[in-house]
Amino acid sequence: MNRAGRVAQHVRHVRHASQLAAEPVLGEVSTVRTGQTAVVSLTRPTKLNSLNLNMIRELRATYDKIVAEGAGCVLLKGEGRAFCAGGDVAAIQQQVEQGKVDGLPVDFFYEEYQLVEIIATLLGKHKIPQVSLWNGIVMGGGVGLSVHAPFRVCTEKTVFAMPETKIGLFPDVGATYALPRLPGGLPVALMLGLAGTRLKAADCLWAGLATHFIASDKLPAVEEQLAQAHGFDDVKRCLDTFCSHPDQSSATLAQVEASIQKCFSADSPAAILKSLDSEGSEWAAQTAKTLREMSPLSICVSHRAMVEAAKDSCSLQEALVKEYRLSQYCAQRDVPRSDFQRGVRAVLIAKPAEVPQYSHASVEDVPAALVQEFFEPLPQGHPRGELAL
């Protein structure tokens, strides 16, 4: 970027900062200091703790304060039956539909991804480990708040998924970076990120998404002991004490590990589907069916994003910058150049939910040039410019 471009971007950032100076409305995030531990709770249970911009700003202020004051650890949890069921993308879609393309569609993803980076680097930069308590539904934006932390606790109530390709989006919040670094590598990442596979506790542990299983009735005792924990080793000893084995009756991934590695090692979405079709198993047939129900454009964009982020040379920060570009090209364009507006309207807003009418019939119909557009730098007139971390 030339000097004029850098100055323009700085001016946009300053103007936006002045517009956003107001304190967030309190009430959707609570923080309690219990001994050494900062217990942070998402308190929007009627919406399954789905993230809105106010919550993101509350969380940013909360983590800034924790860093300034210090803590032995952070315990992040959700009130009610969800940890966090994702971001409030319906509100974003409605603003875009109303022509407000420089407000929530710009700010939500920008500030959400900045928050993700703060949480992801909490241990490395400030020696403060986070325990993410998945005692319920954890999807989308909830994954971003939690999966980058060193400790992820699942319970018998956990349901994990990244279902973004269904609504014309992609597995974001740093998932393009985190998922390929699971023990199963890129094939497992692609299965989770393209098909939006729902996992319970045993499969979360097998995949490496969760680090511990602790029965939900033990969680009050865990919190009590964590109050005395200071640093990574103390936290690990506490969680190890309460860790047990989940019910295996709903576990499926270990049984199909070879098929996952074979089918999702194919070099394109079309090749993945061809491999699944030829596999001849019930799992493969159902997975292929699911993939064909997702946005073909989002499948192609997500596949490329995860392949690129899986490279050893890619950092989380670089992945988040690319994800912000993708989020803007998804959210601010309509068919046939994005399926986000139609996908969100059909799946999340329509009552009852409808089958989305995507802009392409299959992944084979998606032009490579269209996919490339999502990976281009943001235009100079963008209200916030590239993501700054």
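The values are calculated or read from the model by the stated rules, or taken from the named source; none is laboratory data. Keep in mind that what you see is a predicted model, and the values were worked out from it rather than measured. Backbone-built Cβ (ideal geometry, glycine too); neighbour counts: all protein chains shown. Calculation scope for accessible area: heavy atoms of the full protein, side chains included, ligands and nucleic acids excluded. Shrake-Rupley method; radii C 1.70, N 1.55, O 1.52, S 1.80 Å.
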Checking 332, 317 in turn, the sole residue that is more than 17 Å from the chain's Cα centre (by Cα), open to solvent by 30 Å² or more (accessible area, probe 1.4 Å) and either at pLDDT 95 or above or polar (S, T, N, Q) (or both) turns out to be 332
Filtering the range 246-279 down to residues that are of a type in the set (A, V, I, L, M, F, W, C) and outside any loop (DSSP other than H, G, I, E, B) yields 254, 256, 258, 260, 263, 270, 271, 272, 273, 276
Against the conditions (1) touching a Pro at 6+ places or on another chain (Cβ under 9 Å); (2) assigned to a loop (DSSP other than H, G, I, E, B); (3) of a type in the set (Gly, Ala, Ser), where does residue 385 fall short? Just the number, please. (1)
Just the residues that are buried (at least 23 other Cβ atoms within 10 Å of the Cβ) and β-branched (Val, Ile, Thr), please, taken from the range 69-105. 74, 89, 92
Count of the range 248-267 residues which are touching a residue at least 40 places away in the same chain (Cβ under 8 Å) and open to solvent by less than 40 Å² (accessible area, probe 1.4 Å): 5
Scan the range 230-245 residue by residue and report those that are in contact with a strand residue (DSSP E or B) (Cβ under 7 Å, 6 or more places away or on another chain) and either assigned to a helix (DSSP H, G or I) or of a type in the set (S, T, N, Q) (or both). 235, 239, 244
Could you list, in sequence order, all residues of the range 202-230 that are small (Gly, Ala, Ser) and at negative phi? 202, 207, 210, 215, 216, 221, 227, 229
Scanning the range 335-354 for residues that are touching a residue at least 24 places away in the same chain (Cβ under 8 Å) and open to solvent by 30 Å² or more (accessible area, probe 1.4 Å), the one nearest to residue 305 (Cα to Cα) turns out to be 337
State the number of residues belonging to the range 272-299 that are touching a residue at least 60 places away in the same chain (Cβ under 8 Å) and open to solvent by 20 Å² or more (accessible area, probe 1.4 Å). 3
Determine which single condition residue 30 fails, assuming it passes every other condition in (1) over 21 Å from residue 148 (Cβ atoms); (2) touching a Gly at 6+ places or on another chain (Cβ under 9 Å); (3) polar (S, T, N, Q). (2)
Kindly indicate whether any position in the range 235-242 is among the acidic types (Asp, Glu), open to solvent by less than 50 Å² (accessible area, probe 1.4 Å) and touching a residue at least 24 places away in the same chain (Cβ under 8 Å). no
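Going by what's in this entry, would residue 56 be described as in contact with a strand residue (DSSP E or B) (Cβ under 7 Å, 6 or more places away or on another chain) and either open to solvent by 20 Å² or more (accessible area, probe 1.4 Å) or modelled with pLDDT of 95 or more (or both)?
Here the answer is no, as residue 56 does not meet what is asked.
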